[in-house]
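Undergrad: Let me begin by handing over the structure; questions about it come next.
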Amino acid sequence: MAELVLTKRMIEHPRDSWTLATYEETGGYGALRQAVREMTPEQVHDEVKAAGLRGRGGAGFPTGVKWGFLPDGEYPRYLVVNGDEGEPGTFKDRMLMERDPHQLVEGAILSAYAVGAEHVFIYCRGELRNAYERLCRAVDEATEKGYAGTNVLGSGFDVKLTVHRAAGAYICGEETALLTSLEGYRGWPRLKPPFPAVKGLYAGPTVVNNVETLSNVPWIVRNGGAAYAAMGTEKSPGTRLFCLSGHVNRPGNYEIELGTPFREFFDRWGQGIRNGERVKAFIPGGASAPWLDASSLDLPMSMEALDSVKSMLGSGAVVVMDETTNVVRPVWNLVHFFAHESCGQCTPCREGTTWLQDILARIVDGRGRREDLDLLLDVCDNITPGLGWPPAQTTICVLAPSAAAPIWSTLRLFRDDYEELLPTANEVAAGV
Amino acid sequence: MSGFFDGERLTAARAKVAEYPQPRSAILPLLHMVQGELGYVPRDAMREIADLIGITPAEVLGTGSFYTMFKFEKMGRHLVSVCGGISCMLMGSHDLYRRMLDHFGVGSLGTTDDGEFSFELVECAAACGGAPAVQVDYLFFENVGADDGVELLEDIRRLGLDTVYAERGSMTAPLSPGAEEALAAGPAPKTAHPRAEAEATD
């Protein structure tokens, strides 16, 4: 069994894992001390590369590789921490920010050291009041103790940290929208390229990393990249936080080694399905991921295994539905979410997600039309031609294809659920 | 002219603006400052923010109105945000919301006659492990059953939010009880109902 990288402290010190005293007593800021005194920035970068750490925000891009995209010699550089957790089903970053804010702060400082960033912005979801307050306090304490600010631990390295409170727009979790928002505008995604590494915040070179991603960095620096890479699978190394919710007996955040099969995850960690029911459907990786049915239960939880069934581990949110569920209402819920959160720039998204939501709403209400099922697929296909995975895009960002994924995947797996809600010919004739 | 940003508030606002390489980045923090005190952002305050940053009031409203947290009309003393996200919905949060509205005799987004509570059904609040979840002034209450919501709010009205939050609030997202045992090799532990267990360990 793998060692706990992210949650050991909060499990062993449930009452005060978030305080500076507990953090320091449990080895906190030791990695930073070691790095700024004994390691060059390149060496820290090399350890993260050797760890094989992949982004935990959804896309799963290798972190060390992302850092390597910064153009040589261009300064100032920025590091932006994406703490705008809002993907339905996801609640891990909230826990990391609330229960172990110093771990994130240390990870951010180490990463800033590695990439040569002089200013770190922690973009924290606005509704997470406790997370925001604890992060502010952690940054103040770290600065006071000389872990951040000018001349960190006497090393000559300067880094400033700012905790930025967002204000309720899911789209700002998309990295370019986040940067636009951080610059003080409506959170609109930008076309890529240029990628943030080249032209990011204030058009300067910028690295954007997720909260969980950076929370791994202190452990990696302390124990070495090789030790991290020894856990998990070859292509999905390390441990990972999975947010388990829905119809399981024991929902929660669990840090597990990648490669565990979903069935084992639901049975052991989730303590089985409520009321002794069986799994009907599950979302393997956040609201944007294509759904799976019980035939995929023995699939290992790794990025490559999910690729093979054209879905993804995404943000690590696993939502389980039992056999009493008609999937159409939960699908409507997600599509309503995406329609509400569309920023409005691209027509296929602004109009398409709204149409999808309206069509689903009338099906849920029992006012659906038989041709609606094909119409749903047609609108989905206009948004993401071919209905494949990873999705083709007609829009600046992937929000719209994310709204289509629950629809086309459930129409393939659970078409009966849709049919069941359609009025019968007699009902239509009778005008019921 | 006296306005919202006077004295200490003005000093704090200027410090916020100076925190960023470009002043416009302070727009959300300044809107939060106003809303944190008043519960909404009045027009006059938007004009002041515009002056502090060096943009037009229309740009402040145009930016601020993109973000659902900002309210531009007077709200109740407490903002009740019931999570309508998929996991909370699966666990009954839409019924919970309906019962609250029926009990207090208001519509969605409405405010009670005594000005105590305003209600909204919000997108996923990042509390799926404690579904159904409710936030009151952005403080979390988790595992609020459809029958428990009204009682929760009546208690807040009677005893105050701080008292009720200290007793029943969820300071942190749940790291599920039993995580240690589950992580250790061996058979899964037998557990009681997850909610009872959560209460026992908190």
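Undergrad: Select from region B:46-77 the residues that are outside any helix (DSSP H, G or I) and among the polar types (S, T, N, Q) and write down the one among them that is farthest from the chain's Cα centre (by Cα).
TA: Residue satisfying both the conditions and the ranking: B:Thr56.
Undergrad: Residue check: is A:Ser342 open to solvent by less than 10 Å² (accessible area, probe 1.4 Å) and hydroxyl-bearing (Ser, Thr, Tyr)?
TA: no
Undergrad: What do you reckon, is A:Ala361 within 13 Å of chain B (Cβ to nearest Cβ) and under 27 Å from B:Val122 (Cβ atoms)?
TA: So A:Ala361 fails the test.
Undergrad: Here's something else I'd like to know. Considering every residue within region A:83-101, establish whether at least one is more than 12 Å from chain B (Cβ to nearest Cβ) and among the polar types (S, T, N, Q).
TA: no
Undergrad: Being within 20 Å of A:Ile256 (Cα to Cα) and in contact with a helix residue (DSSP H, G or I) (Cβ under 7 Å, 6 or more places away or on another chain) narrows it down to one of A:Thr26, A:Thr63, so name that one.
TA: Exactly one residue qualifies, and that residue is A:Thr63.
Undergrad: List every residue pair whose Cβ atoms lie under 9 Å apart, where the two residues are 6 or more positions apart in sequence or sit on different chains, the first residue falls within region A:28-57 and is not assigned by TED's automatic domain parsing to the domain that holds A:Glu174, and the second residue, located anywhere, is assigned to a loop (DSSP other than H, G, I, E, B) and modelled with pLDDT of 95 or more.
TA: Correct list of pairs: empty, since none qualify.
Undergrad: I'd like the residue in region A:59-84 that is closer than 26 Å to A:Ala226 by Cα, touching a strand residue (DSSP E or B) at 6+ places or on another chain (Cβ under 8 Å) and in a loop (DSSP other than H, G, I, E, B) and, out of all such residues, is most open to solvent (accessible area, probe 1.4 Å).
TA: A:Phe61
Undergrad: Look at region A:195-231 and say how many of its residues are within 22 Å of the chain's Cα centre (by Cα) and surrounded by fewer than 19 Cβ atoms within 10 Å (Cβ to Cβ).
TA: Residues in region A:195-231 being within 22 Å of the chain's Cα centre (by Cα) and surrounded by fewer than 19 Cβ atoms within 10 Å (Cβ to Cβ): 2 in total.
Undergrad: Of (1) surrounded by 15 or more Cβ atoms within 10 Å (Cβ to Cβ); (2) at pLDDT below 95; (3) of a type outside the set (Phe, Trp, Tyr); (4) more than 15 Å from A:Ala138 (Cβ to Cβ), A:Val36 satisfies all except one. Which?
TA: That leaves (2) as the condition not met.
Undergrad: So which residues in region A:175-198 are of a type in the set (Asp, Glu) and within 14 Å of chain B (Cβ to nearest Cβ)?
TA: Passing the criteria: only A:Glu183.
Undergrad: Please give the number of the condition A:Leu306 fails out of (1) open to solvent by 40 Å² or more (accessible area, probe 1.4 Å); (2) assigned to a helix (DSSP H, G or I); (3) out of contact with any strand residue (DSSP E or B) (no Cβ under 8 Å at 6 or more places or on another chain); (4) not charged (D, E, K, R).
TA: (1)
Undergrad: Mind listing whichever residues of region B:17-45 are under 30 Å from B:Cys83 (Cβ atoms) and more than 22 Å from the chain's Cα centre (by Cα)?
TA: B:Ser25
Undergrad: Suppose we keep only residues that are among the hydrophobic types (A, V, I, L, M, F, W, C) and under 27 Å from B:Phe104 (Cβ atoms) within region B:42-78. Which one would you say is nearest to the other protein chains (Cβ to nearest Cβ)?
TA: This residue is B:Met69.
Undergrad: Let me ask you something else. Scanning for something away from every other protein chain (no Cβ under 14 Å), open to solvent by 20 Å² or more (accessible area, probe 1.4 Å) and not polar (S, T, N, Q), does region B:80-100 turn up at least one residue?
TA: Yes, that holds for at least one residue.
Undergrad: Scan A:Phe266, A:Phe242 and give me the residue that is surrounded by 20 or more Cβ atoms within 10 Å (Cβ to Cβ), of a type in the set (Phe, Trp, Tyr), within 13 Å of chain B (Cβ to nearest Cβ) and assigned to a strand (DSSP E or B).
TA: Going through A:Phe266, A:Phe242 in turn, the sole match is A:Phe242.
Undergrad: If I filter region A:158-182 down to residues being in a loop (DSSP other than H, G, I, E, B) and either open to solvent by 30 Å² or more (accessible area, probe 1.4 Å) or outside the structural domain of A:Tyr132 (by TED's automatic domain parsing) (or both), which single residue comes out as farthest from A:His102 (Cα to Cα)?
TA: Per the stated criteria, the residue is A:Glu174.
The values are calculated or read from the model by the stated rules, or taken from the named source; none is laboratory data. Given the structure is predicted, the values throughout are model-derived calculations rather than measurements. Here Cβ is always computed from backbone atoms with ideal geometry, including for glycine, and neighbour counts include all displayed protein chains. SASA here: full protein model, heavy atoms, side chains in, ligands and nucleic acids out. Shrake-Rupley method; radii C 1.70, N 1.55, O 1.52, S 1.80 Å.
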